[in-house]
Each structure stands twice: as C-alpha cells, then as structure tokens.
1. Consider Gly367 against the criteria (1) surrounded by 23 or more Cβ atoms within 10 Å (Cβ to Cβ); (2) in contact with a helix residue (DSSP H, G or I) (Cβ under 7 Å, 6 or more places away or on another chain): it satisfies all of them except one. Which criterion is unmet?
2. Could you check the range 94-129 and list, in sequence order, the residues that are of a type outside the set (A, V, I, L, M) and either in contact with a strand residue (DSSP E or B) (Cβ under 9 Å, 6 or more places away or on another chain) or within 25 Å of Ile572 (Cβ to Cβ) (or both)?
3. So how many residues does the range 276-286 have that are more than 24 Å from the chain's Cα centre (by Cα) and open to solvent by 10 Å² or more (accessible area, probe 1.4 Å)?
4. Within the range 192-228, can you find the residues that are out of contact with any strand residue (DSSP E or B) (no Cβ under 7 Å at 6 or more places or on another chain), in a loop (DSSP other than H, G, I, E, B) and buried (at least 16 other Cβ atoms within 10 Å of the Cβ)?
5. List the number of the failed condition for Phe161; all other conditions in (1) modelled with pLDDT of 75 or more; (2) open to solvent by 40 Å² or more (accessible area, probe 1.4 Å); (3) touching a strand residue (DSSP E or B) at 6+ places or on another chain (Cβ under 9 Å); (4) among the hydrophobic types (A, V, I, L, M, F, W, C) hold.
6. Quick test for you: out of Thr131, Thr97, pick the one residue that is in a helix (DSSP H, G or I) and over 24 Å from the mean Cα position of the chain (by Cα).
7. Quick one: which of Ile289, Ile313 is surrounded by 17 or more Cβ atoms within 10 Å (Cβ to Cβ), of a type in the set (Val, Ile, Thr) and either over 26 Å from the mean Cα position of the chain (by Cα) or farther than 30 Å from Pro406 by Cβ (or both)?
8. Exactly one condition in (1) part of a loop (DSSP other than H, G, I, E, B); (2) open to solvent by 30 Å² or more (accessible area, probe 1.4 Å); (3) modelled with pLDDT under 95 is false for Gly453; which is it?
Amino acid sequence: MFKTTTTSSRPILVQASYLPSRSSFRTPVPRHQCRNTSSGAGRDSRTKRWKLGLYSGGALLATWLVSLPIIHADAVAPDPTKEMTFGELVRAYAVFTMCSFPTLVDNSPRLLQLATSPGISWLGERFVRWTFFDQFVGGDTAEKTLPLLYKLRAVNKGALFAYSVEVDESEATASASSKKKQPSPHKRIVEEMIHCIDVAADFEDGVSGKLHSGRRTWVAIKMSALIPDANILVKFSSHLLNTRPTPSVVYPGCPHSSDLDVLDKSPAGTLMVEDITALRDFHADLVRICERAQERGVKIIVDAEYSWYQPAIDTLTLSLSRQFNKLSSRESQDISAVQPLIYGTYQAYLQRTPQLLARSLADAKAGNYALGVKLVRGAYHSYEVAAHKARLEGKPSPLLSSEPIPPVWLTKLETDECYNTCARMLVRKIRVDVDLQRGTGLWKGKGKGTGTGAPGLGVLFGTHNWESCNVILGELVRSGLAVKGGVKGDLVVVPDEVTERMAIGQLYGMCDDLTNHLVNSTASNTPLVIKYVPYGALSEVMPYLSRRAIENKSVLGEGAATGERRRAADEIKKRLFGSWYSGK
C-alpha cells in the first residue's frame, strides 16, 4: 500500500510501511540560525499562511508548516556555486586551477614548506589560508567549525569531524629527551580528540536531542598522530606479520584476536621494551577516546594509512571493536547505545580487501559484535607502488611484503571493480541485518526478530565516484532497503532502519555537485550524506594540506579538478555578465 506525503516542495510517493511520522521529519535548529532578515517578513509570512490555510482547509496546520524552525528530511541542497560569495568562487577557481597541474600537485609539499620560510612566511601563510585552507579545512578550532556544521545540517548533510594534525617527530623526540617534564605533542592531540568528541556530541544534542539514533556528527582518528613515533607502528606491524600463522589473506594480512597478547609478554623480535611500553600507553589512550565516544554517543572512524602501518592499525581496531561494539542478545540489547561505535577503514585498492571483508563479517558474527566498515578506494596508491618498486630494485623501502607484485591493484579499473563489488556485498549484508532485526526474510518465523535492538553492521561508503554512488543507491532499491518515490519516481526514499546502518561521504571542499545530487535524489529523516570536515590551526594542518594534495590526485584526476574549475568559472561569468553570458 502506498500513500502520498509532501515535505518541502516535493510530493513523495512512499510505501506506507516505510513512511515516518510527521514529527520525525524535523530537526530543531538553534533560533539564531532561523532569523528572518527580510523587512517584509511578517507580512509575507501572514500571506503565505493565509494561502496555505485556504488550500489545506486548516489554518493551524498551515501555521505549523510555516513557523516551525525545522530542517526537512528531503531539504533541497542548492547548487553549491549559487550559494558561494564572489570571493569564494574566485578562491575555488584558483585552487582547482592549481590542482589541474599534476607537477604542481606532486611538488605541493615543498611549495607549502617554502610558503612558511622565514622572510616570506607572512605572505605565504596568507596565501595558503585564503586558498587551500579555506577550501578544504572547516576552521582553526572545533568551535569555529560549528557554523559550517549547522550549514551542512540545514540541507540534510552530516559531518565526519577530524582534528587533522600529525605528530612532528622531531618535536616528539625533543620532548622525550628533555629533562623537563613537558606534555608530549601526541598527548595534546589525544586530549584534543576527546574535546572534538565533546563538541560533536554537544552539537548533536542541540540538533537531534539526547537520543542516540539519527546522530550524524562522527569523529575520525588517525592512529599515527596519536603515538609519539609512527615507526613503532611499522615495527609492530612487522612483528605481527612474522608471528601470525600462515596467512589466509594476502598482505597486509588479517588481524587476529590474539595479536595484542604481545603487550602482556616480554619483548620479542623487533619489539623492544620501550616499544611495548609505548604500545600499552597508546592502547590505553585509544580506550580513553572510545570510552568518551561511547558515553557521548559519537561514532569513531579509524582512518586507514600506509600498508606498512596497517597490520598494527587493523589489530588495534579489531580490539576496540570487540570491546565497544559488543552486542548482547537481540532481545536485551540496549537500543540507546550507538552501534557500531568503532569503524575500521577498508581500502578497495588493496587486493586483500574482498577477503578481509568476508573474514571481518564472519568474525563479527562469531564474536557477537557489530562491525563498522568505512569503504574507500584508498589514498596512498602511488606511495605503495613506489615502495614496491624500490624493494624490487634493492633500495630502502618501508614495504613489509616480499611478494613479486605490489599489494595494490595496478589499474584504476580494477580498483573501481573491487569497490563496487564490495559495495554490493555490503548492501546485501545490511539487508540481512535488517531482516534479522525485523524477523523477516530468512529469519521469518524463526523467532529471531525483535523489532528493536542495535544494528549489527554499519557502513560508511566514502566515494567521489558517480558510478559507485549510483551502484549503492540502485542496490538499496533492488534489495528492498529503499523505495522509489517522488512525482517522477526518481527519488530514493530511505527508512530510518537503513540510515542507522549506512551513509555516503565525500571530502569537504570537493565534489559538492555529487554531494548535492545525492541529497536531492534521496529522502531520509537522518542525513544519508556526510562531508569529511577537518579542522586545526593553519600551522598545524600544513602537513595535512600537503598530504591531501597528493592523496587527492586520484579524486582530482580524470578531469575532476577541471570540472570543479569550470563550474566556478561559469558562475563567475554569470555574475559579471548576467544575461549576456550563455554558459557555452
């Protein structure tokens, strides 16, 4: 059975069983975000209310529709260029023009370092702030990023919040050798991560209430920034690869539940006493971060890194998942808890990923914990290929594999196929998890469904690829997790039980046309689409900006940067020449 509802300006035809209540289609916004600045606002509002009352036959309903400070679940995301100031358009054009030149991108770390050189730093830092910082970074502090979070939520977008600061190893070494007891730089980052969680939670408490469902401000962590020396992750990874049983998953392997047992034993192999001590302290810091996230109802997304860090990262993520994503019986599960709380990142450019995903899903089921998956293509392809080439040539290389082929797929087509295959499989697994909760599908009549309980699987699809986004939305409809709606039947209506299990994300400052397409072609109570929003002082995020320029070559390649530049240029010309500009 179907019924018709109207939110914003678009009528949506949806299956009755999926239709949320009217009250669930709104999210409170602080009053200062809802000011009406028009001098004739009162008169226009009364006219609109009178017309709505006439058409609907109910003045009370019309007043409710007009006056409530709400954010509609299917709020239309405007063309990003239309909402930008002229200065922002010029900045976007300049940034993506520079990103269109591969040589410039490849040398961006040195150029950014040059910009901070003595004598020209005042000019260089201002240039970087006006261009790359303002384009890709949300703000200097967590609090200064809040206006952006409100702006995103106003058009039904969530945020993956990230304090994007990396440890300066020379500073860390100096702190460790100093006779004065000074806070280690990585400890300051740990404390800022906890503060970041609190800011994200306070924001969600304000817009979503105290309930733990529907919260769409998550926090990303980068493990190499939370340890005094990232080389410890390499040594730990090497130890794990050398001591695990014969691998059933290709390099960089698959984590085992016994991997962290080494922290309770005497040093062995490449690990020294000081390494074990640092790893114990590191694990304790991670537990502190996750305990605060659990208390405040904020999901933690663990970023993936180089393959020579990944065995250690996988092991620590598995340990945290088993501890914080633990599920009790479906009948007694506390539905107020956010699940899954901890997400690991799976890189589709690694040849191991399909195997690893299958093993992870099986382990979560056997261990009775919810599995959190962030699926991405991967950001270090050129580094992995270069490291493999160096090893084959007998040169120094951080790669921990002696295989004759690199750990990554050699072509983008192979990576794309791997990503889409994994995405389809994960959507099918979400369907199984929904059926388990409902007691339908394979579980019908088996007494397994309760209609309550926490999700057993959560997926964040991180992608800037249009085809992959279409694959994900198409698979949702084909699997019965979403239905087609709208006047033309081109709107994908996604119910709460599905949005609690999945989201699609892109980087802040990039591919806003894709982000807005996803927002405008879907309808959901909870934001289905999120943006990765980094923050930090300019001096702190310079390593992030230089690394981001290199990592995003695959995103900005194949004409993506040119497309972003062209959209900005078209809007600039329209504003300068008005009707004289045809857009051709």
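1. (1)
2. Once the filter is applied, which keeps residues that are of a type outside the set (A, V, I, L, M) and either in contact with a strand residue (DSSP E or B) (Cβ under 9 Å, 6 or more places away or on another chain) or within 25 Å of Ile572 (Cβ to Cβ) (or both), the range 94-129 yields Phe96, Thr97, Cys99, Ser100, Phe101, Pro102, Ser108, Arg126, Phe127, Arg129.
3. 5
4. Result: His212, Ser213, Gly214, Arg215, Lys222, Leu226, Ile227, Pro228.
5. (2)
6. Thr97
7. Among Ile289, Ile313, only Ile289 is surrounded by 17 or more Cβ atoms within 10 Å (Cβ to Cβ), of a type in the set (Val, Ile, Thr) and either over 26 Å from the mean Cα position of the chain (by Cα) or farther than 30 Å from Pro406 by Cβ (or both).
8. Failed condition: (2).
The values are calculated or read from the model by the stated rules, or taken from the named source; none is laboratory data. Everything numeric in this text was worked out from a predicted model, so none of it was measured. With ideal geometry, Cβ positions are generated from the backbone for all residues, glycine too; neighbour counts draw on all protein chains shown. For the accessible areas, the whole protein counts, side chains as well, though only heavy atoms, and no ligand, DNA or RNA atoms are used. Shrake-Rupley method; radii C 1.70, N 1.55, O 1.52, S 1.80 Å.
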